[in-house]
Amino acid sequence: MAAIDCGTNSIRLLVAELPDPSDGSSAPLRDVSRRMEIVRLGQGVDATGRLAPEAIERTRVALADYAAEIEKLGVERVRMCATSASRDAENAAEFRDMVQQTLGVAPEVVSGDEEARLSFTGAVRGLPSDARSPFLVVDIGGGSTEFVVGSREGGVDAAISMDIGCVRMTERHLHGDPPGLDEIAAAQADIAVAVDRALTVVPGRGAATLVGLAGSVTTVVAIAQGLTGYDPTRIHHARVSYDRVAQVTAELLAADREQRLAIPVMHPGRADVIDAGALVLRVIMERAGMDSVVASEHDILDGIAWSLAQPTT
C-alpha cells in the first residue's frame, strides 16, 4: 500500500505492508519506504489565494519521483490526500490535473475534519500502552493545525482544523530575520485566538496526554533532546516538558535563519518556518494547560495507510 500526504510545506510518501487481521488490532504497519520532500506548495497562498506555478512544479517533480518508486515496489493500492493549501486555493483544479497526470490517481482534497481524524488514527494506534487517555492530538502543519480529542477505545470525540500553520504564521507575521518583538507578539495573539476557539469545540483542556505531530513538533523535540542528528527512533514517543518547549521556542525566535540552519537536526527546508511552528506548539500547551507533550513520528501519513485496510466497495 502507498500513502501520500501533500501538505502546505511538504509532500511525503509511505509504502507499507498492512498487518494480517489475525495479528490483532495493535499490530503495526511494516514500513517499506518512508520519504519526505519540502516543496512549499502553499507558498504565498495565504496572501494570493492561488497556488504559485513554481510551487506546483516543485510538487510535480517530487511526485514523479514517488510515482517511479511506487511502480518499482509493485504497490497494489494508492491513496493521496492533499490538505490545507490545495483546499484553500482558487486554482486547485490545476493542481488536481497535475497529480492525475503524474501519479495516475486523483488526489483527495480532504476536509479539515477528515484530516484531523486521519492524524488521530495514525498517532494513537502506535502509542505506548501506558499513555493515558483521553488524548489531545495536535498536528501542526504548514497551513493549518488540527486539534483532535479521543481515546483508543472510542476513537475521535471531537475535531477541528484551524488556519495557524507554521508557513501561514511566518508569511502573515514573522517577517524579520530574526523576527521583531512586535511581530512575535502579533503572531502569538493570532495563534492564541485560534487555539482558544479550537478548545471551545474540542475539549482539550480535559485531556490526560498531549500528542504532537509533524515536523515542527518533532524538530522542537529533537532540539530539546540535544540530538546531534535527526533520529526518528529517539524522537518517536519522547516526552518533553512545557518549560523545555518554551526555552527552545525562545531560542529559535531569537536566532536568524543561518543560525537555525546550523542546528544539527534542522531540515534546510524548515529553517525559515520552525520558529513559527514552535510558537504554535508553545501557545497550545499554555492555553490547554499541558505540562508536557509526547512527540509522534506517526501521523496523518500512517492514518492514510491504515485507511487502505478498509474493504473496498
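The values are calculated or read from the model by the stated rules, or taken from the named source; none is laboratory data. Quick caveat, the model's predicted, so the values are computed rather than measured. A quick note on method: Cβ atoms are made from the backbone with ideal geometry, for glycine too, and the neighbour counts reach across all protein chains shown. These accessible areas exclude ligands, DNA and RNA; they are computed on the full protein's heavy atoms, side chains included. Shrake-Rupley method; radii C 1.70, N 1.55, O 1.52, S 1.80 Å.
Residues that are buried (at least 22 other Cβ atoms within 10 Å of the Cβ) and under 20 Å from the mean Cα position of the chain (by Cα), at least 2 per element: which helices (runs of 4 or more DSSP H) completely within region 191-305 meet that? Please lay out each step first, then the result.
On the way: elements: 215-224, 232-235, 242-254, 257-261, 274-288.
Once the helices (runs of 4 or more DSSP H) in region 191-305 are filtered for at least 2 residues that are buried (at least 22 other Cβ atoms within 10 Å of the Cβ) and under 20 Å from the mean Cα position of the chain (by Cα), what remains is 215-224, 242-254, 274-288.
Would you please name the residue that is farthest from residue 18 (Cα to Cα), looking only at residues in region 63-76 that are open to solvent by 10 Å² or more (accessible area, probe 1.4 Å) and either in contact with a strand residue (DSSP E or B) (Cβ under 7 Å, 6 or more places away or on another chain) or among the β-branched types (Val, Ile, Thr) (or both)? Steps first, answer last, please.
Going through region 63-76, the residues open to solvent by 10 Å² or more (accessible area, probe 1.4 Å) turn out to be 64-65, 67-76.
Next, from what is left, pick out any that are either in contact with a strand residue (DSSP E or B) (Cβ under 7 Å, 6 or more places away or on another chain) or among the β-branched types (Val, Ile, Thr) (or both): 69-70, 73, 75.
On the way: 69: 18, 70: 16, 73: 15, 75: 12 Å.
Of everything passing the filter in region 63-76, 69 is farthest from residue 18 (Cα to Cα).
Every residue, every condition in (1) under 19 Å from residue 127 (Cα atoms); (2) open to solvent by 50 Å² or more (accessible area, probe 1.4 Å); (3) part of a strand (DSSP E or B); (4) at pLDDT 85 or above, yes or no:
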position	(1), (2), (3), (4)
4	no, no, yes, yes
8	no, no, no, no
12	no, no, yes, yes
15	no, no, yes, yes
22	no, yes, no, no
27	yes, no, no, no
31	yes, yes, yes, yes
41	no, no, no, yes
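Look through region 131-155, keep the residues that are acidic (Asp, Glu) and buried (at least 19 other Cβ atoms within 10 Å of the Cβ), and return whichever of them is nearest to the chain's Cα centre (by Cα).
139
From the set of residues in region 89-111 that are outside any loop (DSSP other than H, G, I, E, B) and open to solvent by less than 70 Å² (accessible area, probe 1.4 Å), which is nearest to residue 165 (Cα to Cα)?
Quick first cut of region 89-111, residues outside any loop (DSSP other than H, G, I, E, B) only: 92-103, 108-109.
With open to solvent by less than 70 Å² (accessible area, probe 1.4 Å) added as a condition, the list becomes 92-93, 95, 98-99, 102-103, 109.
Working: 92: 19, 93: 23, 95: 20, 98: 25, 99: 23, 102: 27, 103: 27, 109: 17 Å.
In this case the residue turns out to be 109.
Can you tell me which residue within region 156-180, out of those that are in a strand (DSSP E or B) and open to solvent by less than 30 Å² (accessible area, probe 1.4 Å), is farthest from residue 133 (Cα to Cα)?
Kept after step one, since they are in a strand (DSSP E or B), are these residues of region 156-180: 156-162.
Restricting the remaining residues to those that are open to solvent by less than 30 Å² (accessible area, probe 1.4 Å) gives 158-159, 162.
Details: 158: 14, 159: 16, 162: 23 Å.
Residue satisfying both the conditions and the ranking: 162.
Any idea how many residues of region 118-150 are under 17 Å from residue 298 (Cβ atoms) and among the hydroxyl-bearing types (Ser, Thr, Tyr)?
Number of matching residues: 4.
Pick from 195, 167, 201: which is of a type in the set (A, V, I, L, M, F, W, C) and within 15 Å of residue 274 (Cα to Cα)?
Numbers: 195 fails: within 15 Å of residue 274 (Cα to Cα); 201 fails: within 15 Å of residue 274 (Cα to Cα).
Only one candidate qualifies: 167.
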